[in-house]
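The structure appears below as structure tokens.
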Amino acid sequence: MCTSKDICVIIGASHAGVNTAFNLRKEKWLGKIILIDADPELPYHRPPLSKTYLTANTSTTNLLKPIESYKKDNITLLLGKKVTRLDAVNRCLFLDNETKIYYTKLVLATGAKPIIPTIEGLKETASYFCLRTAADIVAIKETYNASKTKKVVIIGGGYIGLETAASLKKIGAEVVVLERESRILKRVATAVISDFFRDLHTQNGVQILENKEVSKVENTLENGVKVTKVHCTDASYFAAEVLILGVGVIPNTELAKQAGLKLKNGISVANTGETSNLNIYAVGDCAYHYNLHYKTYVRLESVQNAVDQSKIIAANICGNPLIYNTIPWFWSDQYNVKLQIVGLAENYTDYIVREEQDKENVISVWYFNNDELLAVNAINHTKAYVFGTKFIKESKKIAKEKLADTSIPLSKDIAVVN
């Protein structure tokens, strides 16, 4: 049981950290709650960074909670403060100004950081940007607005790179996306999804180039304009005034390592959110956990995961045992297209593609491991997403012949009655 003298410190004030703080109050945590983040901004929604924030005329972010909510729930915000050291033995941490803070329970919501690829000349190039914080968006917009050519090169053809390309195209950019794999989204989707989004971007004027590995970047002058030349291993090059890196992220585990916590593709946690130290929990993008449905360990980078895990962690910290057991879901917005994903499509043996009759760009891809439905990718198809979610949660067997026949409307009847 917690008391008014207990202190819960949460490091990281994105979706995972903020939701953990407020869920602690819902679970009747009586003690102090301290929420720390190096970002000086009041905590804000992250998904719009690659979407609406880039196209908005204002730099105002969509706040997770108004400042009054933190005051009402007696949550202390320490923003613009970086935790430099963690002493798990004495249950204390140090900020960059050497302030020492003790805790009873600690939650690591440290998230992930962008991968900076080893590319010759990259560190000397002032005009390259990652896309992780509101400050990144401000810097990109300022550089783009000041550019003469409006040329943008994005390295990486994953969801973040493609969402960013779509957003910048909307405001008039000349965009080139360079992907080193044989197709965009190769790591996360079938060729059907890759082909759809390649065609979508091409139709909207974005140049998608695959099998392009960047080898070097250099600052140069082109027609009197300072540009960055992006060289590829096949001797091609592309000039840009804005260079954006979208090659993925890695979990922030430096503090966890200081604490001697078990690490593997992030911070290893039990289904309660507890780390290998009984007084420390981890949540969100940095947490590596066991998914009970898929019977595998995963680290998920999604708002849904952050929000759902935060409820479990808050309950367990307050002595109300709960186990994390949810089906992951994600989404991506590009132009006027919404992709909704439910489940994990790893280790699939086959898949079925449905292109709905008389409906343009309404497509779903259903992934199976033999008879087990693993995941659904739904393009402009909320019904497929909803049914897919229901069937996966209930472990329903699907009549594949019905699913593949688009003359049969998609309904609950494609599930085999046990």
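The values are calculated or read from the model by the stated rules, or taken from the named source; none is laboratory data. Just so you know, these numbers come straight off a predicted model, no measurement behind them. Here the Cβ positions follow ideal geometry from the backbone for every residue, glycine too, while neighbour counts run over all protein chains shown. With ligands, DNA and RNA removed, areas are computed over all heavy atoms of the protein, side chains included. Shrake-Rupley method; radii C 1.70, N 1.55, O 1.52, S 1.80 Å.
Could you please state how large a percent of the accessible area of the chain is carbon and sulfur, counting protein chains only and using a 1.4 Å probe?
Its accessible area is 50 percent carbon and sulfur atoms.
Explain nothing, just the number: relative contact order of the chain, from Cα pairs under 8 Å at least 6 residues apart, as a whole percent.
Values: 897 pairs, mean separation 58.5, N = 418.
The normalised contact order for the chain reaches 14 percent.
Among Thr99, Thr84, Thr326, determine the one that fluctuates most according to a GNM of the chain built with springs between C-alpha atoms less than 10 Å apart.
In this elastic network of the chain, the residue with the biggest mean-square fluctuation among Thr99, Thr84, Thr326 is Thr99.
Using modelled backbone amide H atoms (1.01 Å from N, in-plane), which distant-in-sequence or interchain residues come within less than 5 Å of Leu64's amide H?
Tyr44, His45
Over segment 121-265, average the accessible area per residue using a 1.4 Å probe and give it in Å², no decimals.
Per-residue value: 47 Å².
So, how do all the Cα-to-Cα distances of segment 104-221 break down into 5 Å bins, in percent, from 0 on up?
Calculated over all Cα pairs of segment 104-221, the distribution is 2, 10, 18, 22, 20, 15, 7, 3, 2, 1, 1, 0 percent.
First measure r as the distance between the Cβ atoms of Leu292 and Asp413, then evaluate 1/(1 + (r/R0)^6) with R0 = 22 Å and state the FRET efficiency to the nearest 0.05.
0.20
Using a Gaussian network model of the chain with C-alpha springs under 10 Å, which one of Ala165, Ala146, Ala112 is most mobile by mean-square fluctuation?
In the Gaussian network model the winner is Ala146.
What value does the chain have for Rg/Rh, both radii from Cα atoms and Rh as Kirkwood defines it?
Details: Rg = 22.9 Å, Rh = 23.2 Å.
Rounded to two decimals, Rg/Rh equals 0.99.
Distances longer than 13 Å among the Cα atoms of segment 111-158: what percent of all pairs is that? Show your work: numbers first, answer last.
Values: 743 of 1128 pairs.
Percentage above 13 Å: 66.
From the phi of every residue in segment 270-275, what ³J(HN,Hα) in whole Hz does the Karplus formula 6.51 cos²θ - 1.76 cosθ + 1.60 yield, where θ is phi - 60° and glycine or proline is x?
After applying 6.51 cos²θ - 1.76 cosθ + 1.60, I find 6, 6, 9, x, 6, 7 Hz.
Pop a pseudo-label 7 angstrom from the Cα along the beta-carbon direction at both Ala239 and Glu222 and give the gap in nm to one decimal.
My value for the distance between the label points is 0.5 nm.
Round to the nearest 0.05 the FRET efficiency obtained for Val89 and Lys262 when R0 = 22 Å and r is the Cβ-Cβ distance.
Numbers: r = 16 Å, r/R0 = 0.74.
Here the calculated transfer efficiency is 0.85.
Among Glu401, Glu41, Glu372, whose mean-square fluctuation peaks in a Gaussian network model of the chain (Cα, cutoff 10 Å)?
Glu401
Describe numerically, in nm with one decimal, the distance between label points set 7 Å from Cα along Cα→Cβ at Asn370 and at Lys393.
Taking the simple label geometry, Asn370 and Lys393 are separated by 2.7 nm.
Calculate the length of the line joining the C-alpha centroid of segment 200-222 to that of segment 166-183, in whole Å.
Centre-to-centre distance over Cα atoms comes out at 7 Å.
Can you give the Rg to Rh ratio for segment 35-126, taking only C-alpha atoms and Rh from Kirkwood?
Numbers: Rg = 17.1 Å, Rh = 16.3 Å.
Taking Rh as the inverse mean 1/r over Cα pairs, Rg/Rh reads 1.05.
How large is ³J(HN,Hα) for each residue in segment 202-207, as worked out from phi by the Karplus curve 6.51 cos²θ - 1.76 cosθ + 1.60 (θ = phi - 60°), to whole Hz, x for Gly and Pro?
So the Karplus estimates, Gly and Pro as x, are 4, 4, 9, x, 8, 8 Hz.
Regarding segment 216-281, what is the average projected area of its C-alpha convex hull, in nm²?
Working: hull surface 29.9 nm².
Over every viewing direction, the Cα hull of segment 216-281 projects on average to 7.5 nm².
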